[in-house]
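J.: Encoded as structure tokens, here's the structure I'll be asking about.
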Amino acid sequence: MSQPLRLGIAGLGTVGVGVVRIIRKNAALLSARTGREITISAVSARSKSKDRGVPLTSYAWEDDPVALATRDDVDVFVELMGGSDGPAKAATEAALAAGKHVITANKAMLALHGQALAETAEAAGLSLRYEAAVAGGIPVVKALTEGLAANEITRVMGVMNGSCNYILTRMEDSGLNYQDIFAEADGLGYLEADPQLDVGGIDAAHKLAILSSIAFGTRVDFDGIELEGIERISIEDITAAADMGYKIKLLGVAQMTGRGLEQRMQPCLVPATSPLGQLQGGTNMVVLEGTSVEQVVLRGPGAGEGPTASAVMADVCDIARGFALPVFGQPANTLAEAKRATSQLPAPYYLRMGLVDKPGALAKIASVLGDAGVSIDRMRQYGHADTAAPVLIVTHKATRASIDTALEAMEGTGVLASRPVALRIEEL
Ligand code: NAP
Ligand code: HSE
């Protein structure tokens, strides 16, 4: 058997402890599968005295993750601290400079610094791997870089933040509003320390930016993502969308169009009967579409100790086997600058509004939509006790610009009793 593969693990929180547990529990299986013993030389976290529920005394302790990353007895630096900059980035750079392979679960760091880190790793002939960074336990990076390597990828799409999907599906099940379920999710520990990373769509957008780079051979372009979170989704919209046959999801979509790379992370309606529509709770789903394979749907746990550690260990196994791959599937210095699409591809839209209940109100709205070139596909007006009539409209395909023109013109009609909501309907 070859020499052991020696790890240095920085970060002993949810994921780090999960990795230690797998290595301790599955030692024989791992060495049978990789032909090498996988060992831990040293670990690091902020607090040495914290009881983490796993024995750590047989590993050397480093207070400083940079010192850990550069130890002589470490072959692979495993970064599980988090944070786009700070100690995670400093220790990753130090590890690469010291000739160590790096494994990380840190989507924020890769979304913002992936290109520079990839160039550094590849120039040094080192691996930088990150299966756990996107959709937790789902092997989506492997699927794109390896399984679908022969395809021209046409679209990458998915629900990649479990906390948001939990909130949206709990709102639907309970009939409670966003604020109540947000508080519930927070109480259950489902949200990041900064919940805005989840509900603002930022965490999911980090993941989409990484997948987009692999799929389209472009440099990671997080700033190019059109980003909107789920904070403005009301229980009224969830109920109304369901009534029209849809579910609301925080959906990431990346596609190369004739007008450039379109990347968006925003609440969208998807058919209730579709795989994405049926996704419940904290589960993730990624849909990959390629010219030869057509469509592949991956579904699984997007977070949590076991699933995320499982993905980290897949990278450990690859390095132990001597398997090397460019960081984003092709050499980083050949990745093109992403040309951003200036507008989204047309799509049907869902519009919800309250109208003043007087003759001609609906006609005025229909006329404004017609003037903006937006055609109505379906419409529903609900019975109501007060003076505002709730109205739902599903449009035929329209550009976002024409929807915005119509929404602006509606403000001047004098028939709106509440501000209209417009959400894109994603065709699957
Ligand atoms: P976590 O539970 O908050 O753990 C973070 C760990 O990093 C803690 O052990 C902490 O030490 C340590 N740490 C923080 N700053 C440090 C520093 N300056 N020096 C040394 N150690 C430091 O985080 P996590 O949930 O395991 O997530 C880790 C990474 O995995 C993040 O990049 C996250 O985005 C990613 N990820 C997480 C999940 C998930 O389900 N949790 C899923 C996918 C990806 P103390 O324990 O002493 O405070
Ligand atoms: N906050 C993230 C989620 C954790 O809810 O999906 C996994 O990245």
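J.: Considering each of Ala385, Ala363, Ala389 in turn, give the residue that is in contact with a strand residue (DSSP E or B) (Cβ under 8 Å, 6 or more places away or on another chain), outside the structural domain of Lys249 (by TED's automatic domain parsing) and either among the hydrophobic types (A, V, I, L, M, F, W, C) or farther than 17 Å from Ile425 by Cα (or both).
T.: On the way: Ala385 fails: in contact with a strand residue (DSSP E or B) (Cβ under 8 Å, 6 or more places away or on another chain); Ala363 fails: in contact with a strand residue (DSSP E or B) (Cβ under 8 Å, 6 or more places away or on another chain).
Exactly one of Ala385, Ala363, Ala389 is in contact with a strand residue (DSSP E or B) (Cβ under 8 Å, 6 or more places away or on another chain), outside the structural domain of Lys249 (by TED's automatic domain parsing) and either among the hydrophobic types (A, V, I, L, M, F, W, C) or farther than 17 Å from Ile425 by Cα (or both), namely Ala389.
J.: Taking the range 7-35 only, how many residues are touching a residue at least 40 places away in the same chain (Cβ under 8 Å) and surrounded by 19 or more Cβ atoms within 10 Å (Cβ to Cβ)?
T.: 15
J.: Determine which single condition Ser44 fails, assuming it passes every other condition in (1) more than 9 Å from ligand 1 (Cβ to nearest atom); (2) in contact (Cβ under 8 Å) with a residue 12 or more places away in the chain.
T.: Condition not satisfied by Ser44: (1).
J.: Determine which member of the set Ala309, Ala314, Ala303 is within 16 Å of ligand 1 (Cβ to nearest atom), assigned to a loop (DSSP other than H, G, I, E, B) and surrounded by 16 or more Cβ atoms within 10 Å (Cβ to Cβ). Steps first, answer last, please.
T.: Working: Ala309 fails: assigned to a loop (DSSP other than H, G, I, E, B); Ala314 fails: assigned to a loop (DSSP other than H, G, I, E, B).
From the options Ala309, Ala314, Ala303, the qualifying one is Ala303.
J.: Hey, does the range 146-160 have a residue that's within 11 Å of ligand 1 (Cβ to nearest atom), surrounded by fewer than 19 Cβ atoms within 10 Å (Cβ to Cβ) and more than 17 Å from Lys207 (Cα to Cα)?
T.: Among the residues of the range 146-160, not one is within 11 Å of ligand 1 (Cβ to nearest atom), surrounded by fewer than 19 Cβ atoms within 10 Å (Cβ to Cβ) and more than 17 Å from Lys207 (Cα to Cα), which makes the answer no.
J.: While we're looking at this one, here's another question. Out of everything in the range 61-119 that is touching an Asp or Glu at 6+ places or on another chain (Cβ under 8 Å) and of a type in the set (D, E, K, R), what residue ends up being farthest from ligand 1 (Cβ to nearest atom)?
T.: In this case the residue turns out to be Lys100.
J.: Among the residues of the range 2-17, what is the count of those that are in a helix (DSSP H, G or I) and more than 18 Å from Ala60 (Cα to Cα)? First the steps, then the outcome.
T.: Applying the first criterion (in a helix (DSSP H, G or I)) to the range 2-17 yields 14-17.
Next, only the ones that are more than 18 Å from Ala60 (Cα to Cα) stay: 14-15.
The number of residues fulfilling the criteria is 2.
J.: Identify all residues within the range 282-297 that are surrounded by fewer than 17 Cβ atoms within 10 Å (Cβ to Cβ) and either at negative phi or within 14 Å of ligand 1 (Cβ to nearest atom) (or both); write none if there are none.
T.: Pass one, the range 282-297, residues surrounded by fewer than 17 Cβ atoms within 10 Å (Cβ to Cβ): 291-297.
Thr291, Ser292, Val293, Gln295, Val296, Val297, listed by residue number.
J.: Specify the residue that is nearest to ligand 2 (Cβ to nearest atom); the eligible residues are those in the range 58-73 that are in contact (Cβ under 8 Å) with a residue 60 or more places away in the chain and surrounded by fewer than 24 Cβ atoms within 10 Å (Cβ to Cβ). Please lay out each step first, then the result.
T.: To start, the set of residues in the range 58-73 that are in contact (Cβ under 8 Å) with a residue 60 or more places away in the chain comprises 68-69, 71, 73.
If we keep only those that are surrounded by fewer than 24 Cβ atoms within 10 Å (Cβ to Cβ) too, we end up with 71, 73.
Values: Arg71: 28, Asp73: 30 Å.
Taking the candidates together, the pick is Arg71.
J.: Out of the range 205-261, which residues are part of a strand (DSSP E or B) and under 25 Å from Gln278 (Cα atoms)? Before you say what the answer is, go through the steps one by one.
T.: Within the range 205-261, the first condition is being part of a strand (DSSP E or B), and the residues that meet it are 218, 226-227, 246-257, 260-261.
Scanning the range 205-261 gives Glu226, Leu227, Tyr246, Lys247, Ile248, Lys249, Leu250, Leu251, Gly252, Val253, Ala254, Gln255.
J.: Let me ask something else. Could you check how many residues of the range 1-29 are more than 16 Å from ligand 1 (Cβ to nearest atom) and within 14 Å of Ile103 (Cβ to Cβ)?
T.: As a first pass, look at the range 1-29 and keep what is more than 16 Å from ligand 1 (Cβ to nearest atom): 1-6, 24-29.
When the remaining residues are screened for being within 14 Å of Ile103 (Cβ to Cβ), the result is 5-6.
Residues in the range 1-29 being more than 16 Å from ligand 1 (Cβ to nearest atom) and within 14 Å of Ile103 (Cβ to Cβ): 2 in total.
J.: Also, quick follow-up: Within the range 385-400, count every residue that is of a type in the set (Val, Ile, Thr) and in contact (Cβ under 8 Å) with a residue 60 or more places away in the chain.
T.: Taking the range 385-400 as the starting set, the residues that turn out to be of a type in the set (Val, Ile, Thr) are 387, 391, 393-395, 399.
Now narrow it down to the ones that are in contact (Cβ under 8 Å) with a residue 60 or more places away in the chain: 394.
Within the range 385-400, residues that are of a type in the set (Val, Ile, Thr) and in contact (Cβ under 8 Å) with a residue 60 or more places away in the chain number 1.
J.: Let me ask something additional. Could you tell me whether the range 103-115 includes any residue that is of a type outside the set (A, V, I, L, M, F, W, C), at pLDDT 95 or above and outside any helix (DSSP H, G or I)? Give the derivation first.
T.: Residues of the range 103-115 of a type outside the set (A, V, I, L, M, F, W, C): 104, 106-107, 113-115.
Checking the rest, the ones that are also at pLDDT 95 or above come to 104, 106-107, 113-115.
With outside any helix (DSSP H, G or I) added as a condition, the list becomes 104, 106.
Looking through the range 103-115, at least one residue is of a type outside the set (A, V, I, L, M, F, W, C), at pLDDT 95 or above and outside any helix (DSSP H, G or I).
J.: Sticking with this one: Out of curiosity, is Met171 assigned by TED's automatic domain parsing to the domain that holds Glu262, away from ligand 2 (no atom under 13 Å from the Cβ) and at pLDDT 95 or above?
T.: Yes.
J.: Could you please let me know if Ala91 is within 15 Å of Leu7 (Cβ to Cβ), touching a Ser or Thr at 6+ places or on another chain (Cβ under 9 Å) and not assigned by TED's automatic domain parsing to the domain that holds Val43? Outline the logic, then answer.
T.: Details: within 15 Å of Leu7 (Cβ to Cβ): yes; touching a Ser or Thr at 6+ places or on another chain (Cβ under 9 Å): yes; not assigned by TED's automatic domain parsing to the domain that holds Val43: no.
Against the criterion (within 15 Å of Leu7 (Cβ to Cβ), touching a Ser or Thr at 6+ places or on another chain (Cβ under 9 Å) and not assigned by TED's automatic domain parsing to the domain that holds Val43), Ala91 does not qualify.
J.: Moving to a separate point now. How about the range 353-365: which of its residues are assigned to a helix (DSSP H, G or I) and either surrounded by 14 or more Cβ atoms within 10 Å (Cβ to Cβ) or under 34 Å from the mean Cα position of the chain (by Cα) (or both)? I'd like the intermediate steps shown before the answer.
T.: First pass over the range 353-365, keeping only residues assigned to a helix (DSSP H, G or I): 361-365.
If the condition is that a residue be assigned to a helix (DSSP H, G or I) and either surrounded by 14 or more Cβ atoms within 10 Å (Cβ to Cβ) or under 34 Å from the mean Cα position of the chain (by Cα) (or both), then Ala361, Leu362, Lys364, Ile365 are the ones that fit.
The values are calculated or read from the model by the stated rules, or taken from the named source; none is laboratory data. A quick note: this is a predicted structure, and the numbers were derived from the prediction, not measured. Glycine gets a Cβ as well: all are built from the backbone with ideal geometry, and neighbour counts include every protein chain shown.
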